[in-house]
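Take a look at the structure set out below.
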Amino acid sequence: MNRFADIVLAMGVSVLFCGAVPAHDMPDPVLNRSREMAAKYLDIKVAKAEGYQQLFECTTHDEHGTMGVHFIHPGRAGDGKLVLGEPDVLTYEPEADGSMQLVGMEYIVFEKDWKGKAVPEFLGRTLQRKTTVGIHPVDPYYELHVWHWRHNPAGMFADWSPYVSCEHDRS
């Protein structure tokens, strides 16, 4: 076989045994831009200075994993819009030294504020309708998680991640 045929065969075998390439590893200019625009929130002080406020203690689920500590931006979350460079919620993992590590973010829009006729779509995904954040009941909203800063084997847009922990939560 020639080199090209070897590469094609190797790729086919890899897809056969590994499944589809996860969203974390796919080059996507819009997702890349979303991550770049929100990278300033790696420093939680920047997030707080811009108006993000802690919503609940670290949110975890016995079977599915963890979401982390949610910091919501009330002005953005209540504006009825989905804006690429303005995540409505940031999720952080509490660290042993008391710091917080940014692991993901959410784009949300409250149902009462959504002006569209259909369920909102954003980043090529249909948002999920929710009435809770973990165990906490909240007004109905649509949301899309994006795990930019922590690989999630459940998927880039899954609600829960088994690779995030609440072990060091001090809330």
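The values are calculated or read from the model by the stated rules, or taken from the named source; none is laboratory data. Only a predicted model underlies this, so the values are computations on that prediction, with no experimental measurement involved. With ideal geometry, Cβ positions are generated from the backbone for all residues, glycine too; neighbour counts draw on all protein chains shown.
Among the residues making up segment 61-89, those that are under 21 Å from GLY124 (Cβ atoms) and not small (Gly, Ala, Ser) are ARG76, LYS81, LEU82, VAL83, LEU84, GLU86, PRO87, ASP88, VAL89. Residues in segment 139-168 that are over 17 Å from GLY65 (Cα atoms), acidic (Asp, Glu) and crowded, with 17+ Cβ neighbours inside 10 Å: GLU143 only. Of the set (1) buried (at least 17 other Cβ atoms within 10 Å of the Cβ); (2) out of contact with any Leu (no Cβ under 7 Å at 6 or more places or on another chain); (3) touching a residue at least 60 places away in the same chain (Cβ under 8 Å), all apply to HIS136 but (1).
Contact map, segment 150-171: residues that are more than 16 Å from THR59 (Cα to Cα) and touching a residue at least 12 places away in the same chain (Cβ under 8 Å) paired with residues that are surrounded by fewer than 16 Cβ atoms within 10 Å (Cβ to Cβ) and among the basic types (Lys, Arg), Cβ distance under 8 Å, separation 6+ or inter-chain. Pairs shown: PHE157/ARG125. With respect to the conditions (1) modelled with pLDDT under 95; (2) farther than 22 Å from LEU31 by Cβ, GLY85 falls short on a single one, namely (2). For VAL89, the criteria (1) in contact with a strand residue (DSSP E or B) (Cβ under 9 Å, 6 or more places away or on another chain); (2) surrounded by fewer than 15 Cβ atoms within 10 Å (Cβ to Cβ) hold in every case but one, which is (2). Scanning segment 42-71 for residues that are among the hydrophobic types (A, V, I, L, M, F, W, C) and crowded, with 21+ Cβ neighbours inside 10 Å yields ALA47, CYS58, MET67, VAL69, PHE71.
When each of LEU123, LEU31 is tested for being of a type in the set (A, V, I, L, M), surrounded by 15 or more Cβ atoms within 10 Å (Cβ to Cβ) and either modelled with pLDDT of 95 or more or in contact with an Asp or Glu (Cβ under 9 Å, 6 or more places away or on another chain) (or both), the lone residue that passes is LEU123.
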